1. Please find, in a Gaussian network model of the chain (springs between Cα atoms separated by less than 10 Å), the residue of 54, 68, 29 whose mean-square fluctuation is greatest.
2. Between 0 and 90 degrees, rounded to the nearest ten: what's the tilt of helix 59-89 against the longest Cα principal axis of the chain?
3. Return one number: the angle in degrees, 0 to 90 and rounded to the nearest 10, between the long axis of the Cα atoms of helix 38-47 and the longest principal axis of the Cα atoms of the chain.
4. Looking at the chain as a GNM with Cα springs under 10 Å, which of 12, 75, 50 has the largest mean-square fluctuation?
5. In degrees, nearest 10, range 0 to 90: what is the angle between the Cα axis of helix 2-33 and the longest Cα principal axis of the chain?
6. Taking only Cα atoms and a 10 Å spring cutoff, compute GNM fluctuations for the chain and point out the largest among 26, 14, 53.
7. For the chain, what relative contact order do you get, as a whole percent, if you take Cα pairs closer than 8 Å and at least 6 residues apart?
8. Go through (i) 1.42; (ii) 1.16; (iii) 1.64 and flag the label whose value is the computed Cα Rg over 2.2 N^0.38 Å for this structure.
């Protein structure tokens, strides 16, 4: 039963990361296809309460953050696989 709960929590975390990666991909695509006003995007996020207001973040740092999300998703997927194997084999 404990393994099922762990597996479910890992699944929820993975779903959230999938959503964040898809969101970031859509934003990066939009910035690529248009003259992006990244500071206006940051201001809108802060106005909506989705992010704290902070100084300008370079695009390179944003790309690193997106890559970090992908690495976390990979780690969660590996952990979920381990939990699945342990559950099935015991």
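1. With Cα springs under 10 Å in the chain, the top fluctuation among 54, 68, 29 is at 54.
2. 10
3. Helix 38-47 and the main axis of the chain meet at about 70 degrees.
4. Highest fluctuation among the options: 50.
5. The angle comes out near 20 degrees.
6. 53
7. 50
8. It is the value labelled (i).
We did not get these values from a lab; they are worked out from the coordinates using the rules stated. The structure presented is a predicted model; accordingly, all values stated were derived computationally and were not measured. We place every Cβ from the backbone using ideal geometry, glycine too, and count neighbours over all the protein chains shown.
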